[in-house]
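First up is the structure itself, then whatever we jot down about it.
The values are calculated or read from the model by the stated rules, or taken from the named source; none is laboratory data. All of these numbers come straight from a predicted model, not from anything done at the bench. When we count neighbours, we look across all protein chains shown, and the Cβ atoms used for this are built from the backbone with ideal geometry, even at glycine. Surface accessibility is based on the protein's heavy atoms, side chains included, excluding ligands, DNA and RNA. Shrake-Rupley method; radii C 1.70, N 1.55, O 1.52, S 1.80 Å.
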Amino acid sequence: MTQRVLTGITTTGTPHLGNYVGAIRPAIAASREPGVESFFFLADFHALIKCDDPARIERSRIEIAASWIAAGLDPERVTFYRQSDIPETPELTWLLTCVTAKGQMNRAHAYKASVDANEAAGEEPDAGITMGLFSYPILMAADILLFNAHRVPVGRDQVQHIEMARDVAQRFNHVFGAGKELFVLPQAEIEEALATLPGLDGRKMSKSYDNTVPLFQGGAKALKDAIARIVTDSKLPGEPKDPEGAHLVTIHDAFASAEQRASFHADLRAGLAWGEAKQRVVDLIEAHVGPMRERYEHLMAHPEQIEEILLLGARKARAVATPFLAELRDAVGLRKMVAVAAPKADQAAQAVKSSVPVFKQYREADGQFYFKLTTADGGPLLQSQAFAEGREAGTWVKRFKQEGAQALAGAPVELASGVTQADVEAALSALVAAQD
Ligand code: TRP
């Protein structure tokens with residue numbers, strides 16, 4: 001079975017080398033594995049929680065999208081989109097909000113940290129805390145559950161949020177699933193093997209410590225200048241240097257092959273000067289990042305190309321989200337009123353019953369997949385929505401053949417014009433009966 005891997009990138013700031021080594025590079029590598037379907041998105045609704053500067057929000061979205069694409073994300077393979085292009089996300093957020101215990105949100109680390117800071121400063125506990133910050137984990141749960149992600153690669157600080165998403169999913173399944181697992185329970189994935197990259201001063205590379213090496217911004221010069229500022233010990237040229245524990249070496253090794261690492265370590269032990277060592281680090285990283293930076297600069301000069309890629313991603317994402325949300329609305333009772341008011345089977349239904357209907361799967365010129373149900377002589381009964389994957393259409397057809405009319409609830413289909421729900425139910429029952 002394919003595994004869905006999903007992760008969000010909050011769009012504040014611009015990516016640095018630590019983000020590249022710790023998140024961008026491994027995520028893109030994982031998206032190329034067989035059997036993996038990746039969903040990566042710009043968490044720009046989340047960004048609004050932390051930032052009320054529209055210009056910064058705008059710029060950060062462009063820089064982060066350009067960085068991921070330049071670093072090798074393949075938008076054909078990965079579903080790459082903006083959270084704010086998916087209206088199903090805030091809608092699901094509300095459905096989840098209604099089954100989330102407030103007490104559980106009181107225990108969220110991010111919220112508690114703000115309360116603690118207020119108390120330490122002698123303020124009201126909730127001073128300056130918005131409902132956005134308080135409800136942050138529910139929005140994040142909606143991001144994940146809307147796509148039924150199995151695996152969610154995140155930093156350690158986000159693990160509690162994934163646990164909350166599992167809890168909410170479980171509660172929703174229990175209350176509304178009627179014995180069915182509506183939501184997959186997601187699993188946090190922390191890449192233990194990936195050391196976090198140290199910054200200029202040896203602490204974790206982070207914008208909040210002001211110790212970052214920029215990934216693309218500022219060009220080759222900014223990279224060289226930053227590396228020149230990496231703190232080393234004061235051993236002189238010719239003096240043997242210990243590569244273990246030198247963070248210049250850790251940064252080098254994150255980009256080096258096994259052979260390059262071994263020779264760099266040996267040369268330091270033999271007395272390589274720190275100045276020359278830094279030049280080797282600059283050359284190594286530049287060889288890796290330089291070609292990507294060209295793509296980055298091209299994209300930054302053509303944001304309309306980024307826009308197009310993200311809109312394509314939103315279409316792919318919504319081909320999954322729209323039918324699923326219809327199913328969820330149905331599960332909570334937000335249903336079409338016609339279902340209850342449908343008339344009894346009439347003559348047309350009698351005619352339908354007398355012959356076995358058929359499902360047809362096909363692909364349109366728009367590249368999307370569809371299926372339809374017709375009477376034996378081709379009269380239309382049901383029409384599906386568009387699917388990005390033929391497999392998804394196939395899964396629905398299979399379900400209809402097994403479950404008959406039961407599969408109708410929440411299915412991504414519309415009745416053909418002039419056909420009633422009762423007609424279709426009769427046809428599906430006839431189909432199931434004919435198979436038995
Ligand atoms: N909150 C995450 C962070 O700050 C970003 C994020 C938003 C996310 N929605 C998500 C990550 C869904 C994984 C899945 O890092």
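Among the residues of the stretch 205-261, how many are surrounded by 12 or more Cβ atoms within 10 Å (Cβ to Cβ) and under 18 Å from residue 15 (Cα atoms)?
Residues in the stretch 205-261 being surrounded by 12 or more Cβ atoms within 10 Å (Cβ to Cβ) and under 18 Å from residue 15 (Cα atoms): 23 in total.
Looking only at residues that are open to solvent by 40 Å² or more (accessible area, probe 1.4 Å) and on the phi > 0 side of the Ramachandran plot in the stretch 112-155, which one is farthest from the ligand (Cβ to nearest atom)?
122
Just to be sure before I move on: is residue 212 touching a strand residue (DSSP E or B) at 6+ places or on another chain (Cβ under 9 Å), more than 15 Å from the ligand (Cβ to nearest atom) and not basic (Lys, Arg) in the structure I sent?
So residue 212 fits the description; yes.
If we only count helices (runs of 4 or more DSSP H) wholly inside the stretch 68-181, which ones have 1 or more residues that are of a type in the set (Asp, Glu) and touching a residue at least 24 places away in the same chain (Cβ under 8 Å)?
By residue number, 88-97, 131-145, 159-176.
Please give the number of the condition residue 66 fails out of (1) under 21 Å from residue 155 (Cβ atoms); (2) small (Gly, Ala, Ser); (3) open to solvent by less than 10 Å² (accessible area, probe 1.4 Å).
Unmet for residue 66, out of (1) under 21 Å from residue 155 (Cβ atoms); (2) small (Gly, Ala, Ser); (3) open to solvent by less than 10 Å² (accessible area, probe 1.4 Å): (1).
When the stretch 165-199 is examined, which residues are found to be open to solvent by 10 Å² or more (accessible area, probe 1.4 Å) and within 13 Å of the ligand (Cβ to nearest atom)?
Scanning the stretch 165-199 gives 166, 187, 188, 189, 190.
Residues checked against (1) among the hydroxyl-bearing types (Ser, Thr, Tyr); (2) at pLDDT below 90; (3) not in a strand (DSSP E or B):
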residue	(1), (2), (3)
192	no, yes, yes
201	no, no, yes
212	yes, no, yes
216	no, no, yes
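Would you confirm, using the coordinates I've provided, whether residue 2 is modelled with pLDDT under 95, within 10 Å of the ligand (Cβ to nearest atom), surrounded by fewer than 22 Cβ atoms within 10 Å (Cβ to Cβ) and not charged (D, E, K, R)?
When the stated conditions are applied, residue 2 does not pass them.
Considering only residues that are of a type in the set (S, T, N, Q) and over 16 Å from residue 64 (Cα atoms), look in the stretch 5-45 and name the one that is farthest from the ligand (Cβ to nearest atom).
Ranking the candidates gives 31 first.
For residue 77, work out the one condition from (1) open to solvent by 20 Å² or more (accessible area, probe 1.4 Å); (2) in contact with a Leu (Cβ under 8 Å, 6 or more places away or on another chain) it doesn't fulfil.
(2)
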